[in-house]
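S.K.: The following block contains the structure, expressed as structure tokens.
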Amino acid sequence: MTDALRLDLRYATRAIRRAPAFSVTVVLILGLGIGLTSAMFSVFKSVVLTRLPVHEQDRVVELAGVAAGAATEFPILPEQLERFRKGTRTLADVAGLAHWRVVTAAITDGDRQLRLRESVVTDNFFRVLGAAPAYGRLFRDGDEADWGASANHPVAIVLSYGTWRKAFGGDTAIIGHHLREPKLNWSMTVVGVALPGLDYPRGVQYWIAARYGSLDVVGRLAAGATSEMARNDFLAFLNRDPELLKAFGSKSFGAQVHTVEQTVTGDAKTTLLLLSGAVSLLMLLACVNVGNLLLLRAVGRVHEMAIRRAIGATVGDLVRQLLTESGLLAVAGGVLGVVLAHVLLGALVRLAPSGLPRLDSIAVSGWPLWTAAGVTAATVVLFGVLPSLGALRFDLTSPLHSDARSGTEGRTVRRVRRILVASQIALALIVLAGAGLLLRSLERLTDLDTGYATEHLYLLSVSLPWMQMEAECRPQQASLTTTDSVRWRRCDDRMNFDAHDQVMAQLRSSRDVVTVSPTFGPPFLGSNVFMAKIVADWQTEPEGKGNPWLGLDLVGPEFFRTLNVPILRGRSFTDADREDAAPVAIITEGVARRLWPNQDVVGRRYHGPGNADSLITIVGVTPDIHLREYRQATPMVFRPYRQVFAQGYFLIKMRGAESAVLATIRRAVPDRGAGAQFASFQSIDQLIAPQLAAPRFETLLLSIFAVAALVLAAIGLYGITASSVNQQKRELGVRLALGATPGGLRRMVLTQALTIAAAGAIVGLIGALAVSRLLTTMLFEISPFDPLTLAAVSVLLMLVALLAAYPPARRVTMIDPARALRAE
């Protein structure tokens, strides 16, 4: 057996070396199919199928309340969370996390500045999850610090596993290490590192234990309780909570429940399902292509197999030899596929958007790799071994007597190969259509008009001396009267406003600064942060409860000039709009259309949120702009920052290169004057980039799959056209001898090839129409049945088909008619 295997390996190697082009093509196609499929399915397995490293993941749920008219869930206060924790019977334990979930913060590690995504949670957060640390410890009772200026001891943080590896080199000495958060002037102590894959909330890089004012609810189900029971329990709590009833009224809530798995995977699950479906089509296309090539080679070896049988080889000998050859091709393709899978997966992780969950735990997995390898190996055996043996089941002498005048390829085999090539064309068009739709969608998204100029526009964040302001303003006595509290708040606000004014004065002194204005926070925070309801002057309070939620921003007099947003009616804010002046506001057209339809709203008034007695006068109207959400304009209400508050964010219009701008900013915000310290600085284009990261990633992947599918389809069409010309060489020579023109024969060959391509394209268009609707959630301002895209990819595919078929068709003109006649 050993000698026989050695001989089979020698013959197989010799056979493969005799057809180098064929062998290399098959190995490359196999490697590409295995590599792409394994990499994509490994991402799907790690992100979607792998469970979080927590105890009984299915028992951990998120609860959220939804008020009437709200687009998204609303948070609750720490006091409400504590009341719910004490009163619930359906949850064994309840924790909270900041309503804004994850936000990017500037962190300093000595002289090094990092930008990491933080999530603020209660100190029992990891206990509710049932998580364990990789190093150090997780939060425990007593770690929770008060938020903001009152934090008077180092704040405990836990690093994610990926952040520990990438930002801190996997150094176990990180436990006890101190970092600084300049925005809040906090000293933060690393107490532990979480296990790989604990990506909750999604995208988090470190957790901080603090008592934050707006919380989402996370709980572990009690024994015997279900998610629906917990939802009803939470809804009952909302409808009897005194603070919520005062703010929203009775019976005006809904409640939602989500498992942690649903929250973590979110829309990433749908996206990865679609991409995995696309790569599955590509894998199928690769298998069909390899099968077509192997079928062509098998037909060409019928004479060889017949001769081997005639001189004494048994069917078993032939099966063993063919299996050895196919096995060598499959092994070579598999080795290449493994290498490509690791390379491609590394590239996928680097290119993946930061919002993709569990990036730190993605690796090439066993079953995706073995599945892809098994499918391709089965293809090699099916099309490489069986057709060769099938020809020997009948009369052994017929292959030996055949003169191949019309080729050795029978009608059935020729029909099967044409069907396979048409199938490749159809599959390629489906993938091409998806890529084309995403490309057009990304183009629309990239060119989106936000309603304001982003060129040379920057967001500056500074750390103001909050603790110093509070210490100077707070009365010394332990108990405070209402008058003391009001006086303290006014003092604190005045110092805050003065500090912002000093920072702006320093910035304006630079010749590189055109305009500057405070703002509430970074753009694109989403439609669930700092939203408010207002009640129009013509509405009663109950009527106003059905009004939509509006974005609220606190800005300076130069805000609209900084953004280059026009005032359509009325006026902009001025320096006179201060804390001691009449309260005023500027609204967008969307607010005016909703609350004062077909009216001139300048001079109209509304009741401010939280105070039904306050009346705020509208002094101006601006166009709708994309400020809270990138993809859509959010109806906004703007207030002068000195009439509400400010928190250290500034929008700046600059001139000059970004490096010079940053140097100017650092000089303008030194550690002196108002006590402001530089925290972070970003261009608005940098803030827009994360909004485009996921669409770009999806488009890039599907485009890569589409190019690969197009190449594979071209290879298949080239192969069948070249085979047809080679099989019919004598017939074509006779035609030329009888008067046919080379051009006419070339057109005949091209017509046959394009007929196959057209048939595949028609089937592919039908498939694309059926499949493209799955892309609806990934598209922006593009229909999944966009006729321009479908027509463009069809034309592209037919052009590629023409280019693939032309070289074999051109060989027709090189046939020597005299030689063909002599052969006859």
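The values are calculated or read from the model by the stated rules, or taken from the named source; none is laboratory data. Remember, predicted model here, so these are calculated numbers, not experimental data. Here Cβ is always computed from backbone atoms with ideal geometry, including for glycine, and neighbour counts include all displayed protein chains. Note: accessible area is taken over every heavy atom of the protein model, side chains too, but ligands, DNA and RNA are not part of it. Shrake-Rupley method; radii C 1.70, N 1.55, O 1.52, S 1.80 Å.
S.K.: Once you place label points 7 Å from the Cα toward the Cβ at Ile762 and Arg511, how far apart are they in nm?
M.R.: 7.2
S.K.: Using a 1.4 Å probe on the protein heavy atoms only, what accessible surface does Asp493 show? Give it in Å² to the nearest 10.
M.R.: Approximately 40 Å² of Asp493 is accessible to the 1.4 Å probe.
S.K.: Further, regarding this structure: Expected output is a single nm value to one decimal: the length gained when fully extending between Leu774 and Glu455, i.e. 0.36 nm times separation in residues minus the C-alpha distance. What is it?
M.R.: Here the answer is 111.3 nm.
S.K.: So, taking all protein chains as they sit and a 1.4 Å probe, how much accessible area belongs to Lys269, in Å² rounded to tens?
M.R.: Rounded to the nearest 10, the figure is 80 Å².
S.K.: With all protein chains present, calculate the accessible area of Trp549 using a 1.4 Å probe and round the result to the nearest 10 Å².
M.R.: About 60 Å², rounded to the nearest 10.
S.K.: Work out how much length Val331 to Glu579 would gain on full extension: take 0.36 nm times their residue separation and subtract the Cα-Cα distance, in nm to one decimal.
M.R.: Using 0.36 nm per residue and subtracting the Cα-Cα distance, I get 81.6 nm.
S.K.: Sticking with this one: Taking Cα centroids, how far is the stretch 36-109 from the stretch 688-709 in Å?
M.R.: Here the answer is 27 Å between Cα centres.
S.K.: Another one. For an R0 of 22 angstrom, estimate the FRET efficiency from the Cβ-Cβ distance between Ala236 and Asp58 and round to the nearest 0.05.
M.R.: With a Förster radius of 22 Å, E is 0.40.
S.K.: Need the full-extension length gain, Thr446 to Ile419, defined as separation in residues times 0.36 nm minus the C-alpha distance. One decimal, nm.
M.R.: Taking Thr446 through Ile419 to full extension adds about 5.7 nm, to one decimal.
S.K.: Where the accessible area of the stretch 66-127 is counted over protein heavy atoms with a 1.4 Å probe, how much of it, in %, is carbon and sulfur?
M.R.: Of the solvent-accessible surface of the stretch 66-127, carbon and sulfur hold 52 percent.
S.K.: Between Arg696 and Leu799, what's the calculated FRET efficiency when r is the beta-carbon distance and R0 is 25 Å? Round to 0.05.
M.R.: Calculated transfer efficiency: 0.40.
S.K.: So with the 1.4 Å probe, I'd like the accessible area per residue for the stretch 728-786, rounded to whole Å².
M.R.: For the stretch 728-786, the per-residue accessible area is 52 Å².
S.K.: Another one. Once you list every other residue whose beta carbon is under 14 Å from the beta carbon of Glu56, what net charge do they have if Lys and Arg are +1 and Asp and Glu are -1?
M.R.: +1
S.K.: Sticking with this structure for a sec: By accessible area of protein heavy atoms, probe 1.4 Å, what ranking do Asp216, Asp580, Asp685 get, highest first?
M.R.: Reading off the accessible areas and sorting them downward yields Asp580, Asp685, Asp216.
S.K.: Ok, one more. So how far apart, in nm, are the two label points at Val486 and Thr50 if each is 7 Å from Cα heading toward Cβ?
M.R.: Label at Val486, label at Thr50, 5.9 nm between them.
S.K.: Here's a follow-up. Could you please put His607, His456 in sequence from largest to smallest accessible area, using a 1.4 Å probe?
M.R.: His456, His607
S.K.: Keeping all protein chains in place and using 1.4 angstrom, which order do Ser572, Ser659, Ser517 fall into by accessible surface area, from largest down?
M.R.: Ranked from most to least accessible, the order is Ser659, Ser572, Ser517.
S.K.: Can I ask one more? With each pseudo-label sitting 7 Å past Cα toward Cβ, what's the Ala173-Thr751 distance in nm, one decimal?
M.R.: Distance between label points: 8.0 nm.
S.K.: Continuing with the same structure: I'd like to check one number: the per residue accessible area of the stretch 1-137, probe 1.4 Å, reported in Å² as a whole number.
M.R.: On a per-residue basis, the stretch 1-137 sits at 43 Å².
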